[in-house]
Amino acid sequence: MRKMTLSKSILWRAFILLALLSAISTARGSRPETTTKIDVPGAVVTVASGINGDGTIVGWYCLQPCSTPARFHGFMLKDDVWTYIDVPNSSDHPAIGTQPRYISPQGIVIGAYLTLEDGATLANPRFRGFAWFEGTFTYLDAPDWIYDNPSYPHSIIPRAINANGDLVGCIHDKNQGDSMHAFLLSGGAFTKDPAGMTMNNGVNAEGEIVGLDNSSTTAYHIDKFGIVERFSFPDTDATNAWDINSKGEIVGQAFTNGGTVSHAFLRSWAQVDGILPAHSLDYRFIDPTGALSSTAFGISSNGNVVGQYRDSFSNCSVNACVHGFLLQRTSRLLLRKETSLLMRNLEAGSGNSNEERNY
């Protein structure tokens, strides 16, 4: 009988490979992507605008066609429990409608309420900022000096907040064109983009920002060093970025058909066989089934996405025709971490990898 000498290390590497393949198969099978429709009970329009790592979703809805700002109401959804958020109408804050836009990891909801202050009309209301936490409202506005035309009635729309309390959004006064500017509120200090027609829509804990530019067909991504990247979804007419998570994944909307159809999209780092990172970006549409148009507004730290989609061109007067959606994704990055941990644990259990056995 021939005597064979095999390295213990080789045997353990083979075992690790088999265990790894089994783990990948199990993970893929147990964490498929699923898309769930979100409809506030009785609403004809529901928009899911933000989601945090705990899975809490915020947004706004209308019980009748959203033809007037007075029909906008806010909601928070957690573990199938609805909480309704409406800025109370008072002499100091004469609110007629509420639009929650985002929720922080700590559970702070931010957004805008609509008002008829300063001569505004139902057709052209003003926006004021608010934050809500466990039933308590705080109100915010930008200082007069930050507006192009301080004498004009002005608006502020807080759009997103990160774990550090940094706030992004847009301000505007005489119109939503040249006088609309992206802003960042960090450490109590306002900074605005001097270019008009911009809006900061997402900011992650690392300080990366994404947004839209109505003077361009491209979206923008500003990294933590302040370097600006212009990008667009390949082979589309225009792109808007709406959010970015801590992994650098970006969601938004891309327009096709001459700019008439909106698609929800996800931009993430491309994978090799779902495990190893490649130094390239992966773009894909994530439209819900049956969507005639859709937008992805928020992405959580673990990669789940929320947004809105339309499945009928009716005026939503009787039946719901605009719905929120939740995309729960396969966690490829989590899988890589679990795989790495598995390999370290198995290799640690192999003992002296240079020891040989005779058979």
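Tabulated data
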item	result
Footprinting exposure proxy for 265, 137, 233 (fewest neighbouring C-beta atoms within 10 Å first)	137, 233, 265
Against the rule of thumb 2.2 N^0.38 Å, how large the Cα Rg of region 33-329 comes out	0.95
Highest to lowest packing among 113-126, 216-229, 53-66, scored as the average C-beta count within 10 Å	53-66, 113-126, 216-229
Cross-link partners of residue 224 among aspartates and glutamates (Cα-Cα below 17 Å; sequence separation of 8 or more within a chain)	166, 193, 206, 208, 243, 249
Reach of residue 37 by Cα under 18 Å, taken over aspartates and glutamates that are not fewer than 8 positions away in the same chain	79, 80, 287, 311
Average Cα contact separation per residue, region 148-275, under 8 Å, 6 or more apart, as relative contact order %	14
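Rule-based calculations on the coordinates, nothing more; no lab input. Everything numeric in this text was worked out from a predicted model, so none of it was measured. We place every Cβ from the backbone using ideal geometry, glycine too, and count neighbours over all the protein chains shown.
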